[in-house]
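So the structure is just underneath, and the comments pick up after that.
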Amino acid sequence: MSDMENIMMYKTMAQTSTSSTLPTIQPSARSSAPVSTLLSSNVKAIKGNQHQHQHQRMRISRLLGSSAWLMSLLLVGCSLAPHYDKPQVATPSAFKETGVQATDGAATITATDALGTWQVAQPSDQIPRGEWWRIFDDATLDGLEQQALAANQSLKAAMARVNESRAIQQTARAGLFPSVDAGFGPTREKVSGASQLQPDGTNIPSQTLWRAQGTASYEADLFGRVSDQVRAAGAETQQSEALLRSVQLSLQADVAQNYFNLRQYDGQLDVYNRTVALREHALKLVQHRFDDGDISELDVARAQSELASAQSDSMGVERLRAASEHSLAVLLGKAPATFSMAANPLQPVQIVIPPGLPSSLLERRPDIAAAERAMAAANARIGVAKAAYFPSLSLTGAAGVESATLGDLFKWSSRAFLLGPLVGTALTVPIFDGGRRAGNLANARAVYQEDAANYQQQVLVAFREVEDNLSDLRILRAQTQAQARAVSASNRAADLSLRQYKEGALTYLDVIDAQRTVLQAQRTAVELTGVQAVATVNLIRALGGGWGNTPAVSDVKDVLASTR
């Protein structure tokens, strides 16, 4: 092959090579080496560069893979908290007091015969609760409930506690991210000669340096300490939200109870007013007979005593009504002096509340949900306590510009950075702490056990409250009917005694006894009406603000909005 052909082949190889670019070789008359020798040496150089670049690409690939693995380890640590499952609670298939019967073919199964079952508690307390008080069909009560939701101070305090827990959760979440700061200003410093590799005794003058720098710090979540804190703060936020719904439900129930109590006192006052009127009439009758000489003064004194007693008892009820009205004003967020209600005697409440299944109660009660969220938070705190036994890795650094004069501060040559054991990466390994970590872990486990016991107790209390109010309503239905018969019979007896007294067949003492029986029967009937209304409210409260097997509908967001 001629020298010219060799040159052309070399140019073709140089143009098609992607790994390196060599200067074009121009034949020179002064070169003493043959062209073929030059071509051979440069072809070897090309192959060597290709091999070197391939080796560098492999090293970069391995480095990137290691960096990605390291970053994933730093950003997402493994949690040391025990695995948490929502607690299982033994629940009966039906409430004891329901008396519900279900027919299965030829067999009839009662609620008391049913065996208990196990149900996994799935708190659905966040499902909105409705305006349950509207079932009483009382426009006055509807207005009072709306006023209480808008102005009650206890509800506003509960809302503030929710905001507090949300702020704490935000603070905990900040630990998942690095913190970045910036600073600017002069510093006066003097460095040692040894730090500048100068011989002993060298004096380095002090100097003023202008700095503009940014600093960054980050704690790697190697063992889930930060993430467990975030989970615990999130569970505590959910707990405070459930407690807010519990405060809301208690407020609604308290307003309804105070309203019905107030109207019950109105009913008692109505009874006393009618009693006082009847005894005033009886006193006139007795006085007239005394003036005619038919009876002695003893009957007049007895009639006056009965009238005064009825008036005194009426004033006692007025005192109770005033206190109830003041309590209702405070629930509405008003001063008692600015609130008053017209008298309106309570009418019997004929409402039957279906309790539904006991398993649905666990899903409706906000206090049960709050107890369960407290367990979840305590479980995450165990992971935080365990993480203290393992090393912690903190990454810090600073970068910016510095110069001796302000005018040279932002020049490219003024750039500087600071990394190292004191400022950069610090891996802290716990060795000895006198038992502090062991104590913290034991405390975290004990708190979890306490919260677990509180949860179980809260479930039992919820079942008891439902059963109590179901039995109250069941017995009250029969008791009010019996009391109505007692009122009717006592009225008949009073009429007969008064008629026979006028005829001279009975003494006035018999009339007094009959009238006392009428008053007591009427008072008891009114009280039972109020107790029945309050028991109905208490049952709704015990059921979590709803009834049946479906959670009630009301939105806690509306409550939060109303308190703003």
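Length gained on full extension, S179 to T524: 117.2 nm, using 0.36 nm per residue less the C-alpha separation. The mean sequence separation of alpha-carbon pairs under 8 Å and at least six residues apart, normalised by the residue count of the stretch 274-403, gives a relative contact order of 12 percent.
Between H326 and R516, what FRET efficiency follows from the Cβ-Cβ distance if R0 is 22 Å, with the result rounded to 0.05? About 0.10, to the nearest 0.05. With the simple model of a label 7 Å out from the Cα in the direction of the Cβ, T202 to H288 spans 13.0 nm.
Averaging the sequence gap over all C-alpha pairs within less than 8 Å and six or more residues apart, then dividing by the number of residues, gives the stretch 461-545 a relative contact order of 50 percent. Spin-label pair D433-M315: with each label point 7 Å from Cα along the Cα-Cβ axis, the two points sit 6.9 nm from one another. Which Cα, out of A444, N469, Q458, lies furthest along the positive dipole direction of the stretch 437-479 (beta carbon charges, K/R +1, D/E -1)? So the residue furthest toward the plus end is A444. Segment N163..A212, full-extension length gain: 13.9 nm, with 0.36 nm per residue of separation and the alpha-carbon distance subtracted. Using the Cβ of D142 as centre and a radius below 13 Å, the other residues enclosed give a net charge of -3, where K and R count +1 and D and E count -1.
Spin-label pair A404-D468: with each label point 7 Å from Cα along the Cα-Cβ axis, the two points sit 8.4 nm from one another. Per-residue extension of 0.36 nm, minus the Cα-Cα distance of E450 and R134, leaves a gain of 109.9 nm for this segment.
For a paramagnetic label modelled on C78 (point 7 Å from Cα along Cα→Cβ), amide N atoms under 20 Å away belong, within the stretch 369-386, to 380-386.
We did not get these values from a lab; they are worked out from the coordinates using the rules stated. Here the structure is a predicted model, which means the values were calculated and not measured. Note that each Cβ is placed from the backbone with ideal geometry, even for glycine, and that neighbours are counted across all protein chains shown.
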